[in-house]
Structure formats: C-alpha cells, structure tokens
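Quick notes on the structure that follows.
The values are calculated or read from the model by the stated rules, or taken from the named source; none is laboratory data. Predicted, not measured: the structure shown is a model, and the values here were computed from it. Ideal geometry is used to build each Cβ from the backbone, glycine not excepted, and the neighbour counts take in all protein chains shown.
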Amino acid sequence: MITRNTSLFDPGWWQLPGSDKRYRDWKKWGHGHLNVTKALEESADTYFYQVAYDMGIDRLSEWMSKFGYGHYTGIDLSEERSGNMPTREWKLKRFKKPWYQGDTIPVGIGQGY
C-alpha cells in the first residue's frame with residue numbers, strides 16, 4: 001500500500017531483486033529521496049517500477065482496469081482505440097509465453113506490451 005509517506009531513494013535506476021537487470025530512469029543521476037507526490041511531480045520512473053514490482057501484474061492490471069485502462073472512454077472520439085492492459089493470460093494467448101516478473105516493471109510507467 002502506498003501512502004503519502006511511502007518513500008525510496010532513486011539513484012537513477014531500479015534493480016530487479018535476484019537479478020542483474022537494471023531499469024533506468026529518464027534522469028540518469030536520479031531524483032534522490034522521493035515520496036509519491038514528488039515521484040508524480042518529477043515523473044520518476046524508479047518509484048513506479050517499485051510500485052509495479054510490489055503490486056505484481058495481477059493486482060496492477062486489476063486496478064488499472066478499474067481506472068479505465070484497456071477500455072474505451074465512452075467519449076465520442078473518432079479514432080479512439082481501447083488500448084491494452086497486459087495480463088498473464090493475454091501474454092500467454094498472444095505470444096505463447098508465460099509472464100515473467102521482469103515483464104511487470106515497465107508496465108508501472110505505462111510501457112511494455
């Protein structure tokens with residue numbers, strides 16, 4: 001659970017636990033100490049990589065769907081597309097590959113599949 005006091009130190013990258021894989025922030029030297037407010041203000045990727053990791057793809061996709069991700073808006077937009085909110089099932093059906101923990105991380109910043 002994230003509160004306004006949930007904080008972390010951002011050195012400019014986030015490392016997947018148990019792996020050598022590092023996910024870089026757009027700000028190479030990092031944002032320093034962040035809470036959720038500062039992370040949103042500065043668009044700090046590393047904060048949201050951690051959030052995605054903590055939530056996991058199942059909870060992340062469930063909550064993002066509740067906020068309308070992967071669905072049409074219901075607004076009359078001539079070229080609107082529903083977009084994609086990836087899930088384990090979607091990846092398995094689409095690519096015939098399982099979901100890996102590292103797949104979740106870029107979803108935290110709206111990227112990935």
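Observations on the structure shown:
- Checked against (1) farther than 24 Å from Asp10 by Cα; (2) without any contact (Cβ under 8 Å) to a residue 12 or more places away in the chain; (3) assigned to a loop (DSSP other than H, G, I, E, B), Pro86 passes all but a single condition, namely (2).
- Residue match in the range 98-108 (condition: part of a loop (DSSP other than H, G, I, E, B), at pLDDT below 95 and out of contact with any helix residue (DSSP H, G or I) (no Cβ under 8 Å at 6 or more places or on another chain)): no
- Residue match in the range 48-56 (condition: farther than 15 Å from Leu8 by Cα and out of contact with any Leu (no Cβ under 9 Å at 6 or more places or on another chain)): yes
- Hey, Gly74 in contact with an Asp or Glu (Cβ under 6 Å, 6 or more places away or on another chain), over 16 Å from Tyr113 (Cβ atoms) and in a loop (DSSP other than H, G, I, E, B) or not: no
- Enumeration of residues in the range 7-56 that are polar (S, T, N, Q), surrounded by fewer than 19 Cβ atoms within 10 Å (Cβ to Cβ), in contact with a strand residue (DSSP E or B) (Cβ under 9 Å, 6 or more places away or on another chain) and under 25 Å from Tyr100 (Cα atoms): Gln15
- In the range 33-49, the count of residues that are over 20 Å from Thr6 (Cβ atoms) and charged (D, E, K, R) is zero.
- Candidate set from the range 67-113 (those that are closer than 25 Å to Asp45 by Cα and of a type in the set (Phe, Trp, Tyr)); member that is surrounded by the fewest Cβ atoms within 10 Å (Cβ to Cβ): Phe67
- Within the range 71-107, the set of residues being under 14 Å from the mean Cα position of the chain (by Cα) and small (Gly, Ala, Ser) comprises just one member, Gly102.
- Residue count for the range 11-69, restricted to those that are in contact (Cβ under 8 Å) with a residue 60 or more places away in the chain and either of a type outside the set (D, E, K, R) or more than 25 Å from Glu89 (Cα to Cα) (or both): 7.
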